[in-house]
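Chemist: Sending over a structure as C-alpha cells; questions will come in a sec.
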Amino acid sequence: AHRFDDLKTALRREPCALEGYLYGMGIGGGVAIIRLVKKGRLLSAGNWGVVAFAIGAVVSKSLCSFQRAHYHAKLNTLLEKGLGSQPARRVDG
C-alpha cells in the first residue's frame, strides 16, 4: 500500500504524468486487444500492449509538456506587454 501511495503522490506532483499514463494504458490496452483478436496469441498480444503503452505514455507526456511550455511562454509574453492594470509578473510552468 505504501508504494501505491507514493505513486499516487508522484502522479499528482508531476505535471502531465497522469495524463501520459492514462493515454498509455488506453493505447496499450487497445493494441493488446486488437492483437489478441487478430492473432489469438496472448503472449504476443501482451508484448505488443506493453510496447504500445510505453510509447503512448512517453509521446503523450512529451506532447503535454510541450503544450504547457508553449502556453506559459505565450502567457509570459502577454504579461510582459503589460496587458491589464497590474504590473507584469512571470508565470512558471
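Chemist: Confirm whether Ala52 is in contact (Cβ under 8 Å) with a residue 24 or more places away in the chain, part of a helix (DSSP H, G or I) and open to solvent by less than 100 Å² (accessible area, probe 1.4 Å).
Modeler: Judged against the criteria, Ala52 is a match.
Chemist: Restricting attention to segment 1-12, which residues are under 13 Å from the mean Cα position of the chain (by Cα) and open to solvent by 60 Å² or more (accessible area, probe 1.4 Å)?
Modeler: Arg12
Chemist: Sticking with this one: Among the aromatic types (Phe, Trp, Tyr), under 13 Å from the mean Cα position of the chain (by Cα) and modelled with pLDDT of 90 or more - does that describe any residue in segment 54-74?
Modeler: Yes, segment 54-74 contains a residue that is among the aromatic types (Phe, Trp, Tyr), under 13 Å from the mean Cα position of the chain (by Cα) and modelled with pLDDT of 90 or more.
The values are calculated or read from the model by the stated rules, or taken from the named source; none is laboratory data. Owing to the predicted nature of the structure, the values given are computational and were not obtained by experimental measurement. Every residue, glycine among them, receives a Cβ derived from its backbone with ideal geometry; neighbour counts consider all protein chains shown. Just the protein is used for accessible areas: all its heavy atoms, side chains included, with ligands, DNA and RNA removed. Shrake-Rupley method; radii C 1.70, N 1.55, O 1.52, S 1.80 Å.
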